[in-house]
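Written below as structure tokens is the structure these notes are about.
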Amino acid sequence: MNRNKRPPWCAIVLLLPLLSLFAPHARAELRLRKEDVSLSGTVRRLDRETERESPAPGVEVLAEPAGDDGFDSTKLRRAKTDLYGKFAFYGLAPGTWRLRILKQYGRYITREVRAPRRLKPIVLPPLLPALPDSVETPVSFDADYRELQSDSDRKLFTFTLRTEIPPPWQPHVDSVVYFFNHPTFNPRYRQAEFVDSGYTMSYKGWGCLENVVVFVHFKHDVWDLDLAHCDLLRRKGEAR
């Protein structure tokens, strides 16, 4: 038997003092990392068929200081949810931050929250059916007009606005509503009719509107979209 050969447990005993030197630093680093978390939370997504929620991995989450005038890319923070739908931001300054959680096709849920804080689970609506890569804008608009006979000096027109939604999404649409932000409109909210694969609304008046808000009511979500009515007609050479 080799008397000089030490049993394995001797090496462990010799290493214990060394490990004790590093352990406090490791614990301190872990504690600092935990305390450094400014905002954290979980993103879940609703299933269209089962109506149940499940973790949503790979979802983009953006954070920027609330109340800032204009967009400052240097202050924008980005994160993505992990396999369990969890996300965290580290080292944010205490105060109010604006969180934006990507739903789909450039649409976000926006929340203003105080840091530091652990948020309640954020639930996203079900994913709409995937579209071909060639589709750049899922929802598009069209507009036209025709002149009406009038006895007055001012010409009167019928303006028609149209919202086009991809056919795979149409079964998931409950309604499309146009909001006309002008005192001459009563009511200002008007529900569109589905005509020839588009959601159409017409009105009589003397001119176009600079901005119309279109609300697309899906079964589990609402999209609010700006329709630049006059600009659209100008691009077609038909502005009035």
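The values are calculated or read from the model by the stated rules, or taken from the named source; none is laboratory data. Since the model is a prediction, treat every value here as computed from it, not as a measurement. Glycine also receives a Cβ, built like all others from the backbone with ideal geometry; neighbour counts cover every protein chain displayed.
I want to confirm something. Restricting to region 214-239 and keeping residues that are acidic (Asp, Glu) and at pLDDT 95 or above, which single residue is farthest from residue 143 (Cα to Cα)?
Here is the first cut: in region 214-239, the residues acidic (Asp, Glu) are 221, 224, 226, 231, 238.
Right, trim to at pLDDT 95 or above and you get 221, 224, 226.
Details: 221: 25, 224: 18, 226: 14 Å.
Step by step, filter region 214-239, then rank; the result is 221.
Return yes when residue 182 is part of a loop (DSSP other than H, G, I, E, B), within 26 Å of the chain's Cα centre (by Cα), surrounded by 13 or more Cβ atoms within 10 Å (Cβ to Cβ) and not assigned by TED's automatic domain parsing to the domain that holds residue 103 and no when it is not. First the steps, then the outcome.
Values: part of a loop (DSSP other than H, G, I, E, B): yes; within 26 Å of the chain's Cα centre (by Cα): no; surrounded by 13 or more Cβ atoms within 10 Å (Cβ to Cβ): yes; not assigned by TED's automatic domain parsing to the domain that holds residue 103: yes.
So residue 182 fails the test.
Would you confirm, using the coordinates I've provided, whether residue 126 is in a loop (DSSP other than H, G, I, E, B), under 30 Å from residue 55 (Cβ atoms) and modelled with pLDDT under 95? Step through it out loud before you land on a result.
On the way: in a loop (DSSP other than H, G, I, E, B): yes; under 30 Å from residue 55 (Cβ atoms): yes; modelled with pLDDT under 95: no.
Judged against the criteria, residue 126 is not a match.
Within the group 131, 102, which residue is modelled with pLDDT under 95 and closer than 30 Å to residue 170 by Cβ?
On the way: 102 fails: modelled with pLDDT under 95.
None of the others qualify; the one that does is 131.
Suppose the filter is surrounded by fewer than 13 Cβ atoms within 10 Å (Cβ to Cβ), modelled with pLDDT of 90 or more and more than 18 Å from residue 140 (Cα to Cα); does residue 171 pass it? Give the steps one after another, and end with the answer.
Numbers: surrounded by fewer than 13 Cβ atoms within 10 Å (Cβ to Cβ): yes; modelled with pLDDT of 90 or more: yes; more than 18 Å from residue 140 (Cα to Cα): no.
No.
Can you pull out the residues in region 133-149 that are among the acidic types (Asp, Glu), within 18 Å of residue 233 (Cα to Cα) and exposed (fewer than 11 other Cβ atoms within 10 Å of the Cβ)?
First, the residues of region 133-149 that are among the acidic types (Asp, Glu): 133, 136, 142, 144, 147.
Going one step further and asking which of them are within 18 Å of residue 233 (Cα to Cα), we end up with 142, 144, 147.
147, the sole residue that qualifies.
Answer yes if at least one residue in region 69-85 is in contact (Cβ under 8 Å) with a residue 40 or more places away in the chain and surrounded by 15 or more Cβ atoms within 10 Å (Cβ to Cβ), and no otherwise. I'd like the intermediate steps shown before the answer.
Initially, region 69-85 is screened for residues in contact (Cβ under 8 Å) with a residue 40 or more places away in the chain, giving 84-85.
Okay, now just the ones that are also surrounded by 15 or more Cβ atoms within 10 Å (Cβ to Cβ), so 85.
Yes, that holds for at least one residue.
Which ones in region 71-87 are hydrophobic (A, V, I, L, M, F, W, C) and assigned to a strand (DSSP E or B)? Walk me through how you get there before you give the answer.
Taking region 71-87 and keeping what is hydrophobic (A, V, I, L, M, F, W, C), we get 71, 76, 79, 83, 87.
Of everything in region 71-87, those that are hydrophobic (A, V, I, L, M, F, W, C) and assigned to a strand (DSSP E or B) turn out to be 79, 87.
Please go through region 88-123 and pick out each residue that is more than 16 Å from residue 216 (Cβ to Cβ) and not in a strand (DSSP E or B).
91, 92, 93, 94, 116, 119, 120, 121
Among the residues of region 95-102, is any free of Cβ contacts under 8 Å to residues at least 40 places away in the same chain, touching a Ser or Thr at 6+ places or on another chain (Cβ under 6 Å), surrounded by 12 or more Cβ atoms within 10 Å (Cβ to Cβ) and not hydroxyl-bearing (Ser, Thr, Tyr)?
Yes, that holds for at least one residue.
Would you mind stating whether residue 195 is exposed (fewer than 15 other Cβ atoms within 10 Å of the Cβ), aliphatic (A, V, I, L, M) and under 27 Å from residue 128 (Cα atoms)?
Working: exposed (fewer than 15 other Cβ atoms within 10 Å of the Cβ): yes; aliphatic (A, V, I, L, M): yes; under 27 Å from residue 128 (Cα atoms): yes.
Judged against the criteria, residue 195 is a match.
Please identify the pairs in which a residue from region 197-220 that is part of a loop (DSSP other than H, G, I, E, B) has its Cβ atom under 8 Å from the Cβ atom of a residue that is buried (at least 17 other Cβ atoms within 10 Å of the Cβ) and of a type in the set (Ser, Thr, Tyr), counting only partners at least 6 apart or on another chain.
208/145
I'm told residue 89 meets every condition in (1) surrounded by fewer than 16 Cβ atoms within 10 Å (Cβ to Cβ); (2) farther than 22 Å from residue 49 by Cβ; (3) of a type outside the set (Lys, Arg) except one. Can you identify the failing condition by its number?
Every condition holds for residue 89 apart from (1).
Collect the residues in region 174-201 that are modelled with pLDDT of 95 or more and of a type in the set (Ser, Thr, Tyr), keeping them in residue-number order.
Hits for region 174-201 are 175, 178, 189, 199, 200.
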